[in-house]
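In what follows, a single structure is set out as structure tokens and then discussed.
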Amino acid sequence: MVPEAKLVRSDNGPVPQGEGWYVVNARESRWFGSDELGRYCHFEGDVRFAELGINVNVLQPGQPSCMYHGESNQEDFLVLAGECLLLIEGEERRLRPWDFVHCPPWTEHVLVGAGSGPCVFVAVGARSGDQQVRYPVAEVARKHDAGVLEETTSAEEAYARFSPLAERAYAEGDLPDW
């Protein structure tokens, strides 16, 4: 039998500890974010998911979810509410609720909040121990403040101009009522 992992209360919500299965509610879970890059909940505790990463993300209009990049693993997105722009392989596409995006390895992409209110989407990505990421220079991304000025493989360089992602507690009105 697989044991249930212990949920430990923190100031910012329940945190799973150890291996095992567990249930957490996204509204009650820990959220991370910055004013520039939106907010996300990744559901992980002290043990990282070995095979699959999953996040719920909330972007305000104009906020990129990350920097335009390509990576050595698959990544997929499902828009649940609101609108966003998908910047992908040098193109721009508007996404709305229930649009699904599949990015095979090395597909260059980023999502940017759009419309008149928050966008909520689920991001899912494969994980491997030797994952590589490349941040290319792309005019479509720079136009939305989601691109680097010089190509790099360093996350530290790509995100140097942003404030650090901080763990945040959910506050009434902080997340959309979906």
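The values are calculated or read from the model by the stated rules, or taken from the named source; none is laboratory data. The structure presented is a predicted model; accordingly, all values stated were derived computationally and were not measured. Using ideal geometry, Cβ is built from the backbone for each residue, glycine included, and neighbour counts are taken over all protein chains shown. Note: areas computed on protein heavy atoms with side chains; ligands, DNA, RNA excluded. Shrake-Rupley method; radii C 1.70, N 1.55, O 1.52, S 1.80 Å.
Applying the set (1) more than 23 Å from R142 (Cβ to Cβ); (2) surrounded by fewer than 20 Cβ atoms within 10 Å (Cβ to Cβ); (3) charged (D, E, K, R) to D35 leaves exactly one unmet item: (1).
Residues are listed down the side, and each one gets a yes or a no for (1) in contact with a Ser or Thr (Cβ under 9 Å, 6 or more places away or on another chain); (2) closer than 21 Å to E156 by Cα; (3) outside any loop (DSSP other than H, G, I, E, B):
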{"position": "V2", "(1), (2), (3)": "no, no, no"}
{"position": "L7", "(1), (2), (3)": "no, no, yes"}
{"position": "V24", "(1), (2), (3)": "no, no, no"}
{"position": "S29", "(1), (2), (3)": "no, no, no"}
{"position": "G45", "(1), (2), (3)": "no, no, no"}
{"position": "V58", "(1), (2), (3)": "no, no, yes"}
{"position": "M67", "(1), (2), (3)": "no, yes, no"}
{"position": "C84", "(1), (2), (3)": "yes, no, yes"}
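Scoring P164 on the criteria (1) modelled with pLDDT under 95; (2) part of a strand (DSSP E or B) leaves a single failure, condition (2). Restricting to segment 84-114, what's the tally of residues that are among the small types (G, A, S) and either modelled with pLDDT under 95 or over 17 Å from the mean Cα position of the chain (by Cα) (or both)? Residues in segment 84-114 being among the small types (G, A, S) and either modelled with pLDDT under 95 or over 17 Å from the mean Cα position of the chain (by Cα) (or both): 1 in total.
For V8, indicate whether it is more than 20 Å from G147 (Cβ to Cβ) and open to solvent by less than 20 Å² (accessible area, probe 1.4 Å). No: the conditions fail for V8.
Has segment 96-107 got at least one residue that is open to solvent by less than 50 Å² (accessible area, probe 1.4 Å) and closer than 20 Å to Q60 by Cβ? Yes, segment 96-107 contains a residue that is open to solvent by less than 50 Å² (accessible area, probe 1.4 Å) and closer than 20 Å to Q60 by Cβ.
Residue-by-condition table, conditions (1) more than 13 Å from the chain's Cα centre (by Cα); (2) farther than 27 Å from A160 by Cβ; (3) open to solvent by 20 Å² or more (accessible area, probe 1.4 Å):
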{"residue": "H42", "(1), (2), (3)": "no, no, yes"}
{"residue": "G45", "(1), (2), (3)": "yes, yes, yes"}
{"residue": "V56", "(1), (2), (3)": "no, no, no"}
{"residue": "P61", "(1), (2), (3)": "yes, no, yes"}
{"residue": "P64", "(1), (2), (3)": "no, no, no"}
{"residue": "M67", "(1), (2), (3)": "no, no, no"}
{"residue": "E71", "(1), (2), (3)": "yes, no, no"}
{"residue": "V79", "(1), (2), (3)": "no, yes, no"}
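Condition first: out of contact with any Lys or Arg (no Cβ under 8 Å at 6 or more places or on another chain) and farther than 18 Å from R134 by Cα. Now tell me which residues in segment 60-81 satisfy that. Within segment 60-81, Q60, P61, G62, Q63, F77, L78, L80, A81 qualify. Out of all the residues in segment 115-127, is one or more part of a loop (DSSP other than H, G, I, E, B), over 15 Å from the mean Cα position of the chain (by Cα), touching a residue at least 60 places away in the same chain (Cβ under 8 Å) and under 28 Å from E44 (Cα atoms)? Taking every residue of segment 115-127 in turn, none turns out to be part of a loop (DSSP other than H, G, I, E, B), over 15 Å from the mean Cα position of the chain (by Cα), touching a residue at least 60 places away in the same chain (Cβ under 8 Å) and under 28 Å from E44 (Cα atoms). Assess whether A50 counts as being in contact with a Leu (Cβ under 9 Å, 6 or more places away or on another chain) and in a loop (DSSP other than H, G, I, E, B). Taking the combined requirement at face value, the residue does not satisfy it.
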